[in-house]
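Every number here is computed from the coordinates shown, using simple stated rules; none is lab data. Source: prediction; values computed, not measured. In this analysis, Cβ positions are derived from the backbone assuming ideal geometry, glycine residues included, and neighbour counts consider all displayed protein chains.
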Amino acid sequence: MMVTTMEMLSIRTENKFRTLVTKQAYKKGEMICPIPSENMVDKPNRFTVQIGKDRHTHVGKLAALNHSCDPNVILDTERMFMMARRDIAKGEELSFFYPATEWEMQAPFICLCGSANCIHVVAGARFLPLSTLEMHYLSPHIREMMIELLNNTELHLKKLQEA
Ligand SMILES: [Zn+2]
């Protein structure tokens with residue numbers, strides 16, 4: 001029987017490095033668990049996931065999810081569910097693409113995931129080219145903020161030309 005709760009996820013700690021591991025297998029597209037939404041804040045921290053322009057939710061156990069440039073889960077911030085991006089085996093570590101939800105991260109870092117599409121500097125969607133973002137599932141607020149940024153840039157360029 002499929003269980004869509006966090007009960008099937010466990011946190012593993014090795015040398016103070018936390019990973020989130022699944023105790024059951026999932027098929028691509030399957031729901032894994034809801035994203036907690038009881039505790040919202042207006043600024044990001046390392047325990048939050050961004051779900052709107054100025055909305056960040058404390059995600060509890062899911063804060064142990066590491067970033068990957070070739071992730072196996074998606075955080076669907078519209079339906080507030082974590083989904084399998086591909087088939088996932090029992091015992092596998094879960095990871096997601098941070099810039100899919102995070103516009104500007106509080107604590108950027110260097111990615112060493114080793115994937116062919118590695119973005120190297122993980123600082124949020126606003127620092128990535130569209131061509132990179134387009135390869136990933138993006139939350140609606142990220143798409144909106146990207147369009148806003150592009151429109152502002154265009155407006156700024158127009159003003160420079162008119163001056
Ligand atoms: Zn990477």
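Between the helical axis of 140-162 and the dominant principal axis of the chain, each derived from Cα atoms, what acute angle in degrees is found, rounded to the nearest 10? Once rounded, the angle reads 20 degrees.
Across region 32-47, computed HN-Hα scalar couplings (Karplus, 6.51 cos²θ - 1.76 cosθ + 1.60, θ = phi - 60°) run 9, 6, x, 8, x, 9, 7, 10, 9, 9, 9, 10, x, 9, 6, 10 Hz from first to last residue, x flagging Gly and Pro. Classify region 11-90: rounded, prolate or oblate, from the alpha-carbon gyration tensor (a ≥ b ≥ c, eigenvalue square roots; a/c under 1.5 rounded; otherwise prolate if a/b is larger than b/c)? Cα axes put region 11-90 in the oblate bin.
Ordering Cys69, Cys118 by the number of other Cβ atoms within 10 Å of each residue's own Cβ, fewest first, gives Cys118, Cys69.
Along the Cα-to-Cβ line of Gln24, 7 Å from the Cα, sits a label point; which residues in region 87-113 have backbone N less than 19 Å from it? Hits in region 87-113 for Gln24 at 19 Å: 87-95. Taking amide H as placed 1.01 Å from N in the peptide plane, the amide H of Arg85 sits under 5 Å from that of Gly29, Val73, Ile74, each at least 5 places away or on another chain.
One-quarter of the Cα convex hull surface for the chain, in nm²? Provide the component values of the computation, followed by the final result.
Working: hull surface 42.7 nm².
Mean projected area of the Cα convex hull: 10.7 nm².
Placing dummy labels 7 Å off each Cα toward the beta-carbon, the span from Leu155 to Lys53 is 1.1 nm.
Tell me, which longest segment in the chain has none of the GluC sites (Glu not before Pro) that fall in DSSP loops with at most 11 further Cβ atoms within 10 Å? Don't jump to the answer; show the numbers that get you there.
Values: sites that count: Glu38, Glu78, Glu134.
By the stated rule (loop sites, at most 11 other Cβ atoms within 10 Å), 79-133.
Ranked by how many other Cβ atoms sit within 10 Å of their own Cβ, fewest first, the residues Ile32, Ile119, Ile110, Ile11 fall in the order Ile110, Ile11, Ile119, Ile32.
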